[in-house]
Each structure stands twice: as C-alpha cells, then as structure tokens.
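The values are calculated or read from the model by the stated rules, or taken from the named source; none is laboratory data. These figures come from a predicted structure and were not determined experimentally. Heads up, the Cβs are rebuilt from the backbone with ideal geometry, glycines too, and the neighbour counts pull from every protein chain shown. With ligands, DNA and RNA removed, areas are computed over all heavy atoms of the protein, side chains included. Shrake-Rupley method; radii C 1.70, N 1.55, O 1.52, S 1.80 Å.
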Amino acid sequence: MRDFDDDYTSDYKGREIETAGEEARQMVDIILAPPGETSRKVREAVARKTVRNFRDHINRGFLAYRKSVTEATNFALTEWTGEGSVLVDALDRKFLDLLGGFGLYSYGIRHPRIIAAVKAQLDRSPQYSQEMLDPLRAQLARVLALLTPGKIQYGFFSNSGTEAVEGAMKLAKFYTGKKGFVAMLKGFHGKTLGSLSLMGKKTYRQPLLPLLEGVRHVPFGDADAVEAVLAAARAVGDDIAAVVAEPVQGEAGAVVPPDEFWPRLREVCNHYGVLLIADEVQTGMGRTGEIFGVDHWNVAPDILCLGKALGGGVVPMSAFLSTAKIWECMEPNPFMHTTTTGGNPLACAAALAAITVLLDEDLAGQARAKGKYVKEQLAQLQDRYPGVLAKVRGLGLLIGMEFPTDGIGYKVAAGLFSRGVLTAGTLTNARNIRFEPALNIPQNILDEILNRIEDVFKTIEPSRQAATAYLHTGQVLHVDLSNRTTRTMPTNPEWVRDYIGGWGLGVRYFVDQVAPDVDPLSADNALVLMTGPMCGTLAPTASRMCLVSKSPLTGTIFESNIGGSFGPELKFAGYDGLVITGASDTPVYLRIEDDRVRIEDAGDLWGKGIFETEAYLIDTMGPQVKSLSIGPAGENRIPFACIGSEAYRQMGRGGGGALFGAKNLKCIAVTGTGGVQVADIGNFWGKVSTARDASLLTEDNLWAQSDGTPILVDLTNELGIHPTRNFTAGVNPNRRGLDSEAIKSVKIGDRACASCPLGCGNFTSVDGVQLEGPEYETLCLGGSNCEINDLKSVMQFNRLCDDVGLDTMSTGNTIGLAMDLTESGRHDFGLAFGKEKDYLAVVTEIAHLATDRGRDLALGAAALAGKYDAEEDVAHAKGLEMPAYDPRGNYGMALAYATSERGACHLRAFTITAEDPFKVQDLVRDVIDNQNSNAVKWCMCFCDFWGSVDTTLMAELLSTGLGRQVSADDLDKTGERVWNLIRLYNLAAGFTAADDVLSEKMAKKALKGGPHDGRVISAEILEEMKVRYYYLRKWDEGGRPRKEKLHELGMDTLSLADEI
Amino acid sequence: MEKHLLAIPNRCTGCNRCTYACSAAKEGMFMPSRARLSVNNFPQEGYSVPNICFQCPRPDCLTACPVEAIVKNERGVVVVESGKCTGCGDCVDACAYGMIEQYTSGIAYKCDLCGGDPACVGECHFGALVFRAPDKISRKLRGEQMKQRMQKGTAAEKRRALAQNILKNAVRIPRTTSYMG
C-alpha cells in the first residue's frame, strides 16, 4: 500500500502506473463475473477495500458520518446489487429501501422495462456524434412537452439536477435581461456555484460567499413576502429575473406550502413580469401523487426543472423545459448553452422507458394512495410515541418525519439500519428523516418498514424515561405467543417501589395478568421472568432471576429461580423482565438481540435435549448467547420438568419446563450489549466491595467456596434429617461416596454464576462423566433417597436430568417412591433401591413418556401415590415433592413446607440449624422472619448462600445504586407484601388453610435411625404451629390476610383483596 | 515492564467480575461488552478463558495504525491516543488476539492496565488474573497463550478461537495447591 500522506505535488514520480492498471483490471474482472458468481471472499475483500479507498481516495469524512460504516458491525455496508425495494450488500445483507436514493429510485431499483431499453440502446449507440441529429433526444423533448402542464414545449437535457437549475437560471437571465432571483429559505437546488446561490441554508453557502449577485431569500410558503421583495426590487431598479421554488421542499423535510402559495406565486410573477421556475427535480415524475408537484395546484410554471427519477434510476439525467416564447431567446445562438453528454441516447432511452412505466403503472396514483396510508400510520405512531416523533408531513410518497432532536433522529436512523431498513439521517443531521421509497413499493414491504419503525420507536421512548432510573433498565418485554407480537413497556415504577424486583415484582406482574382460576397449562397462563435491581452489577451474587407463574404440579402460584448469567444478559439487552402470554401453535423460540426481538421457528429443535439446544443457539447467535431451554420433558409437559441454562443450571422446581412446553416455547435466547447504570458508580462500587469483604466473604458463607452444597451431606446426617430410602431413614450410613470429600477428590474446577466471588460450583469428572455438580439436593434425593451411593451413577443421573430437562429433586423423590412401592410389593416398576441400571433408564423413560412406568412416574410423586393408593408413603406438600431435609427431624421445616405457596420448598424458610428443632413457639417466629427476609432476598435476587445479608445492608446497597433512599423498613414491608400477595392469589384460586399440610407419611410413619429415630410430626402439632403462624401474620384462622394487615401494607386496594 | 498481567484459565470460574469491573472503571457503567478484557465461557465443559491484552513487545495494532494514534508508553503499555484515532479499524484487523475494538464512532479502545493497578485483577477472587513481576512459569504460560495467533474474523471471533484452543490443550486435574495449567 502506498503512503499517500506525503505531498506528491512536487514529485512527478509519485505514481505507480502498473499498479493502477492491475487494480483496474482486478475490478473489471469482478464487474464481469456473472451475477451470483463472485465468491464471498472476494466480496469481503471488496468491502474492506472500499472502506480504505473511501478513506484514502474519496473522503474519509464520509466514514465518520455514514451509518453504513458507523453502525455496521464488522464490515461496512458495501453497495452490491438490488431489485425493486430491496438492496443487497456485498455480504448478502438485505435492506429494505426507505431512502429511494433521495428520489432516484421512484420506479424501484433496476426496473426491468427500463433496464431492457437501456441495454438495447447500449448495444445500438450509447453516445451521440455531436453532429448528426439524435432521434431519442428529440422524441423525449416532444413526450415531455406533451406531459408537462401549460405551454411548456422545449427542453434541454443534462446530467444532474444542479445542471438543470443552472440552465434554468441562465435561461431566465437571457430572457428577462435581469439578474436577480428570489429563492426560498431552506430551499435546495444543488451545490454548483450558480444553484448554490439559491440555497436556503447557511452551512453550504456561507463559506463560498460571494455567490451570484442579486439573490434574495424569503420564507417558503409566504407569497406576500415574495411580492414584497419583488415590489422593493422594482422600486430600487435592482430587478428580478425569476422566482425559484420547489413545489414541496424536499431536503427541508418534505415541507408542503399552503394551498394558496403556488397560485399566488403565479399571479405575483405575472404582475411583476418575472419568470416562475419550479424545481421539480425531486417532486417530479409522480413522487408527490401527481405527475408533477405543481399539478396539485394547477399552476403552470415558466420553466420546469427535472432530474433524479427522470433517468429511471438507471442513467443520470436531468432537464429544464420552457415555453416556445421564452425559448426564442436561445435560438439566435444555440451554442450559448450546450453539453457533450447531457441527453445522451442511454439517458433518453431510460427516460422514455421510465415515462412508460410512470403512466402504465400509474405511479402517481400509487404514490397518492400509499402516501395517504403511510401518513395515517405515522400519525398513529406519533400519538403513541409523542416523545419520539414530533411531526409528520409531506405529499404522496415524499414524506418527512421530524424528531425532537438530531440525537433522537439518529437513534431512529441507526435503529432502522440495524433492523435492515435503509434511511437517510446522519450523526449531525437527523432531525428530519425522509420517507421516500419507490412509488411501486409492495404493500407488504411498506408494512414491514412501518413495523420496524414502531420497533425502533419502542426502544427509544421507554429508554428516555429510563435515563433517570438507575439499576433498572426501565422496560419490560411483553411477548404474546398466540399473536406472535412483542412489545416493550416501561417497567411499572409503583410496582418497583413496592415490590423491588425479582420475585416480588414478578408476582405483581403475574397477578395482574392471570386470573386465579386459570389452568396452568392453558394459553391463558403467563410466564413472568424478572431480574433484580442489582443484577448486572458488581453487587455479589445478584445474578439470579425469578420465574413466576402457576405451577402444573401444584396448581398454585409459584416462583422458581436460577443463577448463571441469563439474568444479566437480559438486562444488558435492555429488559428488567419478560412477560410471556398466549401459546404458539407450532414450536418457536424467542430470540432477543438487544432491542431486536424475534419469535423464530423451533421445529428443528423440538425433541432435542437441552445440551444440544444450547449448542445450536451458540452456533446461531454466537458464543455470547445465554438461554433458558427445555428438553423433551418440558415438551411432554411433565409437571416437574425444569428449565435449563448453561447446561447445568436450572429453574428446577414447580414445572416451569412444562409451562414452556404448553406454550410450544423451546427456549428464550438473549444477547445484550448494553449496560446497567447506577447513580454514583464510585460510591456504589465502594459499598459493594465493603459488603463483599465484610459480609459475604466471611466465615458464615465461605463454606460455599471451599465445599459448596455437598457440605450439607454430613451436616444433615448429623442432624438426622437426611432423607434416605424414600424418606424412611434420616441418616445414610453409606454416604461416603457422596459427601464433600468425595466431590473434592473428583473436582477439576470451580464454577460461578455471573458476578459471584463465592464460586460454589464444583466441576467434577469421573471416568469421562463430567458436569457441574451434583449439588446436595441431587446427592441426597437422587442418591441416598434411592440408596444409590455411587457418585458416578448420581452424576450420570444428574446429567441425564439436566439434558432431558427434569428437576433432579422431584425426579429423585419420585423414583425413590417407585422403588419403595416395588420393594413393598404394591406395584412392580422394575426399580429397586440401589439398582443403578433401571434407576438411570427410567429418567429417559419419564422424559419421553416412553414406557408404562415412565408415564406413571411422570405424574410426579403425589399423583403416583394417589394412583397406587400409597398416600402414607409419599413425601410432598401441595403436590411438590419434598426436598432433602426431613421435617420430622425439624418442625420448623415442617411449617415452612406447609405454608409455602408452592408446596414443599426449602428456600422459603430454612430452620435446620435451630437450637431446638422441636421448640414450636420459637420456630414459628423463625419461619415467619425467615420467609419475609428471604422474600426480600429473592426480590433483590441475591443468592441464598449470602446467608449473612440483612435488610439493612440490602437497603444501603439499593439506596446507593438507585440514588434515592430506601430503608430497611421499606424492604421488610416488601417481604411481607410478597407473602400476603401470593396468599391472596392462592386463596382466590381455591386453596385454603386445609391445604397447608404435609403428606400423611410425615405424621403416620416414624423416622428411622439417627438422633430423631421414631419421630413424626403429628397433624395436631402442625395445626398448633399454623394457628400461631396465622395469628402472628395477622391472618384469620382460615389463613386469610386480615383487612388491617393489607391496609398496613398498602394492599387494600388490590382487587384480589376483595375476592376473598 | 516491571509487572505483567497474566491469565490462568484453569482457575477461572467464569464469573465475569473482571469485565464488570473493567467496564465500570472505563465506561462508568456495568457493560461487559465494552470491557477491555473478556471471558469466554464454555459452560458444558465447565471451563472459562479470560482473554487479555498482552501489551505485545512488537504490537501489531501499533504497526497497523496509519496515523500513529497507538503508542507504547514509558511503562511499556500500548495505549490509544483517541484524539488522533481516525476510526479506520486497521488495528482491529491487525491484532491477532482480538483485544482492540472500536466504539460505534470508530474510535479504538483497548486495555491500558488502568495505569498500573488493573481493576480486573482486584475483582478476581480465584487468582485467574494476576498482575505481578514475570517469572519463569508465568513467562512460559504467557508465551504459550501468545503463540496462538488468529488472523481471521472479528475481535470476538478471534478471542473465541483462542479460548477454544486453550480449552483443547488444557490439562485439568483435581485441584492442588498450585495449579496453573
């Protein structure tokens, strides 16, 4: 590459003739290659070289302004080909053409009839001799004379619009013998020195002053001002040759003058003996809904200029035309105005063919009808997004959109660009963007463009509001799978204030969306996925996010949360959460790439496991993609199917996977390139660092880093609450293969969720079986509870569940029950405690509903027990299989399971370390406090393993991030609000105090082994605890929140409060 | 250079605290897509690779810059003088590690080691990023990482390809007190 920075003007040798020839030949070869036969490699090279050549040989300034460079991701958008209203760049990227080459492409790109005429003429005679008479030019002049209004009869042809204006100015001066012109403010007639004199904009004009003498400017549309200037000019003898105006000002943003303007101009010009020049370069040839702009007002100008579309969008072509009387002044010496190439046969052939298209396809009529439609649609958008679209104006398909600022205009232009719509609008000049497509643009493309415009507006409007909202992105994405529509709405600020985020905000959105009696697997159920305020920041462990919906397993409202990095990615894409309603009739997946949201076909993915699905998404959307997916279990609506992410993380409990399946939703995949803002980054960073060191990375929590959850294997055994052999025993004497030491010996790496310095994940490897895990619940319910004490088998079980998308907890619990039923002779499932082969085989059978036993186990433990009359053998509450802490050895856990909104759940309250596990009075208080404070944690989306975080610390972090004061008391109230709201919802759905119980086994069958050998939790004790629990919560004896409680929490206006 | 930045992939948990911290330090907001380093996660394989700028002894980005907007400062750190940058993107193409990128305006940005106190290192709790005087082992590890050069693709694609190579060649064994890979 030669260095062009040096000054070569004094160095004659500064050239490389051979290279010039070679590079020219290379490009000619590329030009000559048949369409579609230039390899991508060559086209990529062209794209790269074009940027360099623009930089080095055209004007590097363009590179900084053109969206095709500044907004393009990798390769700048490089012109290659196109057809009709679709442009295709050198790398096959398609763009819908809203720009129409600023009015050049009125007939679409490469209209076949125009191309055919030009090609034929090219083969006959491309230029003329300059001596013989050329027939095409002569005929074209006649055709235009017939087409134009008034007495226009003669024409002169040139190459560009500005030349036409130059010619018109010369003609006016010849004819009138006067020198001055009246032009319009904000008018645009070209950038050569003569026409530049008429320019109504300072930027292009001022640096080149002085220009032509005697030019005055008046406001466009003000005929009185024109008259005043003409009168004044006559009074001082400084006379005017012509008044020049565009019928509708194009560059100014499609400004339409008042109806009386043009007729008055005609009158005034007649009165003062001044010519009237209509610059129809942009408005002519059907653009405004009439053949010429002046046709709207039935005004015949003295001189009419044409350009742009005159050449059919194929050959450069322009003209100025006038009457016989005026043209006379050109006759004595026709050489006073000539051109070598203007009106050449190719251009005339193009223009003649273009006129046939104009008339045969009634392009003016099309422009009129479509223009009216577009203006109506844009007016509706203006109503909906007044902060984005300030004004809409124009005539026909010369439409201008005006934005409040250049910045917003540029966002619109850039947003459209990223959605494959080509418009004008540069970084410095984007306040007015023209809507100027081909006049024959198909209706479906027009509608698609309007859709994409709304998409862009959506992303701008809420984000303007969000500019003041820290931590939250300020918008929630609503997806209607039935109608396949998506819409962003501002995150409800009142709900954010009352419910913070995560679980609480999710519940608030959910109860607003779904009536309590809705069937969980119907299209009327909704999925609400909500991140927390701290998600996507350095606040440690804050990357979890919550799903709130109605559970197919329990019929209750439920929440299930997940770590990993889906939450932050969603936030970086610009959303606090998702609300998914309806159901698709075919498999689909939701694809979110920042503000670009699509519902895509997932037919090919249906039936595939989660691992393969994730690999597909990485291939399709890039390695950065984060996703929530279901496997066959979810597709088959197994009520304990989970939702998987990053292979080994799940929203496990409650059957979220089945809800995806019922909606035909295979996965949600997201990539985000945005960020999360906080009020005062320095202060916030300082606060989270202090919290990290002083609260998180302390003795209370470091077990998570050193061991992770497997540490609970030994602890629960010591406490005698480690479910073993289908909740028969509380200790597993053969647990050595499953404990923390066993895990450590096969661990090959630490894993963490996004932004978590604890890194509790153990990546393990045994004989080629690798996964992150198993976690305690799996080790116990999939291990001890099935008496599978071999780590490799439990790892295989875990991987299988993760891939087919089953909750390991419910699956392990259910398999344990089936083993029990088999061994006790109730029903032969071919399963036995400790037998690994069938234990592993049945996982796949459940997910695929492949065998009788698979279909039976797929009912879940509670329904399986119901079917085989085994109510006294099953461990569950409200239908949710019990987790790995036996409540008979800790009555706090019994109350926690019984009162949880989603059934037996260890994440609502966790009392296993209580000093006295049977001291009922203290435990009730502990459960309530723990439920409330955990609720706040799940609203903030902090991890369970930050055990030492309290509402004081959370309030401090939140206040710093939000830049407004939130107190610990506010947060405590939020925790209570969540519990009261889910309670109201479940009551309205028909659940009562009688449902706040455990399965009979807990009362009727005694725990075996360990410190609590022989213990049960009797119905009476649980009842006693419930009474106290309701009383302390200020609920009535039926478990219904009392009015005063709801009033205290500011919830008495909720309609749910009336329903009970 | 007294100290160098070293990435030890075997220790990385994939938590991305480094990229959050980097973007907070450089952009004033949490925006990992604009961080000066990145983490390539392989969740299935349970592996993560931090991609860092090596501050190359002979930086290709510097050589490629047509306007000398990239310089090596007195501490040996390769920095972009953004006032001079014309946004041509030649440096992005030139870097074999994908560690220099452009804003939408075209202006290039890259790691400058935060003037000697890298924010990323301060947030790495598993020792996967260290900033210290070079020694024999660290030089070797760094050398191995630098040897794999990617000429094709976007910056992100180059980083991914590098990370894939590192994963492919990683020796992963149960944890001992000093595993560095």
Q) If you take just the strands (runs of 3 or more DSSP E) that sit entirely in the stretch B:74-181, which of them hold at least 2 residues that are in contact (Cβ under 8 Å) with a residue 60 or more places away in the chain? A) B:108-110, B:129-132
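Looking at the stretch A:591-618, which of its residues are over 14 Å from the mean Cα position of the chain (by Cα) and away from every other protein chain (no Cβ under 12 Å)?
A:601, A:602, A:603, A:604, A:605, A:606, A:607, A:608, A:616
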(Q) I need the full set of residues from the stretch A:745-760 which are open to solvent by less than 20 Å² (accessible area, probe 1.4 Å) and more than 7 Å from every other protein chain (Cβ to nearest Cβ), in order please. (A) A:758
Q. With A:280, A:227, A:267, A:246 as the choices, which residue is of a type in the set (Asp, Glu), under 29 Å from residue A:104 (Cα atoms) and open to solvent by 10 Å² or more (accessible area, probe 1.4 Å)?
A. A:246
Q) If residue B:45 satisfies every condition in (1) acidic (Asp, Glu); (2) closer than 18 Å to residue A:622 by Cα; (3) away from chain A (no Cβ under 14 Å) but one, which is the exception? A) (3)
Q: With the checklist (1) within 14 Å of chain B (Cβ to nearest Cβ); (2) out of contact with any helix residue (DSSP H, G or I) (no Cβ under 8 Å at 6 or more places or on another chain); (3) small (Gly, Ala, Ser) in hand, flag the one item residue A:742 doesn't pass.
A: (2)
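Can you report the number of residues in the stretch A:944-961 which are touching a Pro at 6+ places or on another chain (Cβ under 8 Å) and closer than 17 Å to residue A:497 by Cβ?
If we filter the stretch A:944-961 for residues that are touching a Pro at 6+ places or on another chain (Cβ under 8 Å), which is where we start, we get A:946, A:958, A:961.
If we keep only those that are closer than 17 Å to residue A:497 by Cβ too, we end up with A:958, A:961.
Count: 2.
Among the residues of the stretch A:248-287, which ones are over 19 Å from residue A:351 (Cβ atoms), of a type outside the set (Gly, Ala, Ser), assigned to a loop (DSSP other than H, G, I, E, B) and within 39 Å of the chain's Cα centre (by Cα)? Talk me through it step by step, then tell me what you get.
As a first pass, look at the stretch A:248-287 and keep what is over 19 Å from residue A:351 (Cβ atoms): A:248-277.
Within this subset, residues satisfying the condition of being of a type outside the set (Gly, Ala, Ser) are A:248-249, A:251, A:255-272, A:274-277.
Among the residues that remain, those that are also assigned to a loop (DSSP other than H, G, I, E, B) are: A:248, A:251, A:256-260, A:274.
Selection gives A:248, A:251, A:256.
Would you kindly identify the helices (runs of 4 or more DSSP H) lying entirely within the stretch A:619-733 that contain at least 2 residues that are touching a residue at least 60 places away in the same chain (Cβ under 8 Å) and more than 30 Å from residue A:572 (Cα to Cα)?
Details: elements: A:632-635, A:656-662, A:681-691, A:703-706, A:711-719.
So the answer is A:711-719.
Using the structure shown, decide if residue A:173 is more than 19 Å from residue A:338 (Cβ to Cβ) and either at pLDDT 95 or above or open to solvent by 10 Å² or more (accessible area, probe 1.4 Å) (or both).
Working: more than 19 Å from residue A:338 (Cβ to Cβ): no; either at pLDDT 95 or above or open to solvent by 10 Å² or more (accessible area, probe 1.4 Å) (or both): yes.
Answer is no for this residue.
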Q: Output the residues belonging to the stretch B:1-42 that are within 30 Å of residue B:136 (Cα to Cα), open to solvent by 30 Å² or more (accessible area, probe 1.4 Å) and more than 10 Å from chain A (Cβ to nearest Cβ).
A: B:1, B:2, B:3
(Q) Filter the stretch A:855-878 down to the residues that are under 39 Å from the mean Cα position of the chain (by Cα) and either among the hydrophobic types (A, V, I, L, M, F, W, C) or open to solvent by less than 10 Å² (accessible area, probe 1.4 Å) (or both) and list them by number. (A) A:858, A:859, A:860
Q | Residues of the stretch B:134-181 satisfying the condition of being within 19 Å of residue B:4 (Cα to Cα), within 18 Å of the chain's Cα centre (by Cα) and either more than 14 Å from chain A (Cβ to nearest Cβ) or modelled with pLDDT of 90 or more (or both) | A | B:134, B:138, B:139, B:140, B:141, B:142, B:143, B:144, B:145, B:146, B:147, B:148
Q.
If I ask for residues that are out of contact with any strand residue (DSSP E or B) (no Cβ under 7 Å at 6 or more places or on another chain), modelled with pLDDT under 90 and assigned to a helix (DSSP H, G or I), which ones from the stretch A:466-519 would you list?
A. A:493, A:494
Q. Taking the stretch A:351-363 only, how many residues are surrounded by 21 or more Cβ atoms within 10 Å (Cβ to Cβ) and touching a Lys or Arg at 6+ places or on another chain (Cβ under 9 Å)?
A. 4
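Does residue A:527 satisfy the condition of being in contact with a helix residue (DSSP H, G or I) (Cβ under 9 Å, 6 or more places away or on another chain) and away from chain B (no Cβ under 14 Å)?
Considered against the rule, which asks whether it is in contact with a helix residue (DSSP H, G or I) (Cβ under 9 Å, 6 or more places away or on another chain) and away from chain B (no Cβ under 14 Å), residue A:527 comes out as yes.
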Q. Quick one: residue A:699 ticks every box in (1) open to solvent by 10 Å² or more (accessible area, probe 1.4 Å); (2) modelled with pLDDT of 95 or more; (3) away from chain B (no Cβ under 14 Å) bar one, so which box is it?
A. (2)
